[in-house]
Amino acid sequence: MAGFLPDDLENYISAHSESGGDVEKALRKETLDLGPSSGMMSGDSVGNFLKFIVKTNKCKRVLEIGTFTGYSALMLASELPEEGELITCDINSETSNIAKKYWAKSSHGEKIKLKLGPAIETMEMLTGKFDLIFIDADKNNYLNYYKKSKELLNEDGIIIIDNVLWSGRVLKPEDKQSISIDNFNKFVHKDKEFWNTIVPIRDGLMIATRR
Ligand SMILES: C[S@@+](CC[C@H](N)C(=O)[O-])C[C@H]1O[C@@H](n2cnc3c(N)ncnc32)[C@H](O)[C@@H]1O
């Protein structure tokens, strides 16, 4: 994908990292067959990083903003304990149907609950706290999702936001989305309540947690 690591390096990383199970692989294949829109799916390296965070932080309850065809949801759910729960939000019922088809084939699918509708409305209705919140939808609303996520986060919880490097366009933000993501990055960095760092995995992951 343009703007990320060269394909041969991405392939090398995949070849030398944990690979997903058969269901994850089949889901990735069907998504790639969708054509250009498949670029919305997280890469293997993001999927593995999310799994690592769930595993090492012993997360039990996770919220995801942006389901698409369900790949990152499945990766997150696969490290949750039996009683764990992943709530994932999207507005697109067509891609969500692909997601549901593969979750049903996975032994981890029962941990996943899909909420169809604008994510901000879903977040307003949620109760209880989350150990991890992964934001990966609707870049112009990142700031609203971040502010709401802080309210929904456990004391030691972690917020991860994808695509914060926006293929490098944050260096010279000119279009609406690049300006919006750059402003978002500056806001999080200035947030006195939260510690943050940007990890250059694929298109950049912002990590934030309470100081
Ligand atoms: C980048 S994709 C998510 C990719 C997914 N996390 C993965 O790694 O496979 C973004 C998704 O956000 C959804 N979306 C866009 N606007 C939204 C909104 N206002 N509320 C909820 N979901 C939204 C889109 O339908 C799309 O499926």
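Couple of notes before you dig in:
- Trypsin sites (Lys or Arg not before Pro) lying in DSSP loop within the stretch 116-150, provided at most 16 other Cβ fall within 10 Å: K129
- Backbone HN-Hα couplings from phi across the stretch 176-188 [Karplus 6.51/-1.76/1.60, Hz, Gly and Pro as x]: 4, 5, 5, 5, 5, 5, 4, 4, 4, 4, 5, 4, 5
- Counting only DSSP beta bridges with both residues in the chain, the antiparallel share comes to about 35 percent.
- Extreme residue, positive dipole direction of the chain, given options G66, S149, I201 (C-beta unit charges): S149
- Stretchable slack from S167 to K150, in nm (0.36 nm times residue separation minus alpha-carbon distance): 3.5 nm
- Label point distance in nm, F187-E121, each placed 7 Å from Cα along Cα→Cβ: 2.1 nm
- Two-site FRET efficiency, K129 against A26, from Cβ-Cβ distance with R₀ of 45 Å, rounded to 0.05: 0.85
- Whether the stretch 7-210 is rounded, prolate or oblate, judged on the alpha carbon gyration tensor where a/c under 1.5 counts as rounded: rounded
- Karplus (6.51, -1.76, 1.60) ³J(HN,Hα), θ = phi - 60°, over the stretch 57-72, in Hz, Gly and Pro reported as x: 9, 6, 5, 10, 10, 10, 10, 10, 9, x, 7, 6, 8, x, 5, 5
- Antiparallel DSSP beta bridges within the stretch 97-211, percent to nearest 5: 70 percent
- Longest DSSP-loop-exposure-free segment, GluC sites (Glu not before Pro), the chain, at most 13 other Cβ within 10 Å: 84-173
Values in this text are rule-based calculations from the coordinates and carry no lab data. Note that the coordinates shown come from a computational prediction; the quantities given were computed from them, not determined experimentally. Here Cβ is always computed from backbone atoms with ideal geometry, including for glycine, and neighbour counts include all displayed protein chains.
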